[in-house]
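This report concerns only the one structure given below.
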Amino acid sequence: MKKEFKMVAGWVMSVLGITSFAKDNDGKLFLTEEQKAKLEKKYGQQFVDSFCADLANMEVEGEQVNITLSAEEKLELEAGRIETAKLKAKIQALESEKTAFEATIAKLEKKPADAQGEKIEVSAFEQQLKKAGVDLSLKHNRFLADYMQGKVSAAYSGDSTIDTQELKQEFGKYVSSERMDILRGLFGQTESTQYMTSIITDKTEVRASQANIIGSVLQQFVPEWTPSGAAKFTPLTIKNFKHKLNVPIKPSDIMEDVIGFMYDEQAKQLQSMPIVRYILWQLVFPKLDEERETALAVGRYVESQPGQDGHYTASGPTESMDGYLTQLADKHAADAEAGADDPTSGIRWLLEGVTLTDENIMEKIDAAVDAIAQNYPLYAKKKMFVHADPNLILKYQRAYRKEYPWLKNEDGDDRVKIDFSKFTFAQMEGMRGTGCFFITPKENFKHIMSHNPQNVTLRFVENHYSVDILGEWWEGTGFWMAEAIFAYIAPGFNEAAGDGGNENAGGGSNENTVGGDGV
């Protein structure tokens with residue numbers, strides 16, 4: 001192998017983070033598609049094609065591949081890298097200067113020359129901002145640009161520094177060009193929805209058709225039609241609730257934070273409208289995700305009523321919809337009231353009347369999982385999540401570590417597998433403090449949303465010194481078939497669920513309980 005190619009090959013291996021190249025059936029070395037893509041992104045298609053050809057020819061020529069670099073070769077390679085980085089930086093600086101000069105020339109061409117001439121200085125930084133779409137004629141963007149360049153003129157003086165009409169104008173441009181990204185951020189996946197199957201619908205409620213699951217198919221031959229029996233499944237109704245978002249933003253209150261946000265963005269890639277991106281991605285989205293997570297779990301819908309003055313007041317986040325755990329608690333309470341002789345929900349209740357403690361949690365949950373596998377073979381080999389209160393999962397982990405202190409948990413905090421089963425815990429932050437858990441296939445756990453996300457209303461309205469963000473959408477959650485749900489409702493939770501709360505409260509007992517002796 002020639003020294004030059006050996007150096008190149010060693011350099012490529014360090015870039016890819018590998019110690020050897022793959023071989024094909026003919027004994028030729030080659031790069032995988034993933035490795036090619038990584039190299040092409042950094043150094044271009046021409047380099048990748050040339051390198052792959054030389055790499056394949058090494059085996060054709062019968063050379064032994066030895067790409068272990070000596071200490072001297074490593075120093076030589078590192079020196080080459082440093083020199084390449086310096087050249088790259090110089091090229092980028094020249095490109096920036098070229099862009100600045102071209103902009104200056106274009107501006108001068110539009111103006112008549114005078115006897116004294118005209119000197120215009122436009123920094124490369126500002127040229128980059130303009131290229132990214134930032135309108136520097138707007139006062140708040142001008143302030144940000146001056147501040148980032150260390151200009152003394154960047155003196156912030158409160159409300160007068162930002163024109164809310166200009167901010168409204170910038171919001172509008174940002175929404176029109178980045179609409180889908182904003183909508184995904186506003187109404188995208190939360191921690192719990194990753195465990196659900198999504199349904200996009202414009203209906204106010206959805207319901208599964210009456211369904212049967214095949215009981216058996218094999219039987220001996222007789223000369224007439226004898227269909228196999230089937231177990232009936234109970235379809236459930238999932239309601240779609242209308243929500244809204246009303247957030248007033250006062251630019252003067254957040255200006256200093258926006259400067260820091262813009263500085264962070266500069267290190268990566270300058271994007272248009274830093275103040276708008278800050279408002280949405282740093283203020284609105286995180287809070288909305290947190291409140292949706294809670295409402296999806298323990299929300300209790302309360303229809304808003306106008307006050308004595310005829311006006312409405314803002315409702316709490318948990319009053320916007322019926323959460324999935326609230327729905328289960330309602331079914332549990334109804335079954336408990338009906339009694340063991342007349343259960344109606346079809347849901348399989350676990351550990352009826354049992355309070356989970358540090359001492360019994362591992363034994364009881366393991367027993368519940370075993371009972372599901374034994375009594376319902378359909379689910380024995382199906383991978384399912386035990387959707388649970390994070391406090392319960394932590395309690396289970398500590399009990400497991402106490403029982404088996406020599407074992408190391410390799411699953412991590414949010415992926416704790418139950419031994420000898422296909423079931424894995426899923427932390428549901430919205431269920432924290434409830435003491436409850438339930439098991440169901442992902443196909444049975446539903447999340448419904450507006451029919452067409454592009455039609456979700458998102459508006460920005462100027463209001464004196466603030467800009468108000470308004471949005472409306474439909475969203476709901478629930479289950480498809482009752483018999484595919486295995487749920488544990490902590491004693492005392494039923495009463496708390498009536499208020500959308502998450503304190504431990506109530507219980508009950510009926511024949512839908514899985515297993516015996518409290519399982």
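The values are calculated or read from the model by the stated rules, or taken from the named source; none is laboratory data. None of these values were measured; they are calculated from a predicted model. All Cβ positions, glycine included, derive from the backbone under ideal geometry; neighbour counts span all protein chains shown.
Find the strands (runs of 3 or more DSSP E) located wholly in region 228-329 whose residues include 2 or more that are farther than 26 Å from Asp468 by Cα and at pLDDT 80 or above, and list them.
Numbers: elements: 230-233, 237-239, 241-249.
Filter on region 228-329 gives 237-239.
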Checking Lys446 against (1) more than 16 Å from Ala487 (Cβ to Cβ); (2) among the charged types (D, E, K, R); (3) at pLDDT 90 or above, the condition it does not meet: (1)
Test result for Thr355, among the β-branched types (Val, Ile, Thr) and over 31 Å from the mean Cα position of the chain (by Cα): yes
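Scanning region 375-405 for residues that are part of a helix (DSSP H, G or I) and charged (D, E, K, R), which turns out nearest to the chain's Cα centre (by Cα)? Give the steps one after another, and end with the answer.
Restricting attention to region 375-405, the residues satisfying the condition of being part of a helix (DSSP H, G or I) are 375, 377-379, 390-403.
After this cut, where a residue has to be charged (D, E, K, R) as well, the list is 395, 398, 401-403.
Details: Lys395: 26, Arg398: 28, Arg401: 30, Lys402: 33, Glu403: 35 Å.
Among them, the one singled out is Lys395.
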Residue in region 14-58 that is surrounded by the fewest Cβ atoms within 10 Å (Cβ to Cβ), counting only those that are within 24 Å of Lys88 (Cβ to Cβ), aliphatic (A, V, I, L, M) and at pLDDT 80 or above: Ala37
Members of region 152-173 found to be modelled with pLDDT of 70 or more and either of a type in the set (S, T, N, Q) or under 22 Å from Ala93 (Cα atoms) (or both), listed by number: Thr164, Gln165, Gln169
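So in region 354-374, with the set limited to residues that are in a helix (DSSP H, G or I) and exposed (fewer than 15 other Cβ atoms within 10 Å of the Cβ), which one is modelled with the highest pLDDT?
Within region 354-374, the first condition is being in a helix (DSSP H, G or I), and the residues that meet it are 361-374.
Filter again for exposed (fewer than 15 other Cβ atoms within 10 Å of the Cβ), leaving 363, 374.
Details: Glu363: 93, Gln374: 86.
Looking at residues that are in a helix (DSSP H, G or I) and exposed (fewer than 15 other Cβ atoms within 10 Å of the Cβ), I get Glu363.
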Ala333, sole failed condition from (1) crowded, with 17+ Cβ neighbours inside 10 Å; (2) under 18 Å from Gly433 (Cα atoms); (3) not acidic (Asp, Glu): (2)
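Tell me which residues, restricted to region 330-345, are in a loop (DSSP other than H, G, I, E, B) and not small (Gly, Ala, Ser).
Our first condition is that a residue be in a loop (DSSP other than H, G, I, E, B); within region 330-345, this holds for 339-345.
Those that are in a loop (DSSP other than H, G, I, E, B) and not small (Gly, Ala, Ser): Asp341, Asp342, Pro343, Thr344.
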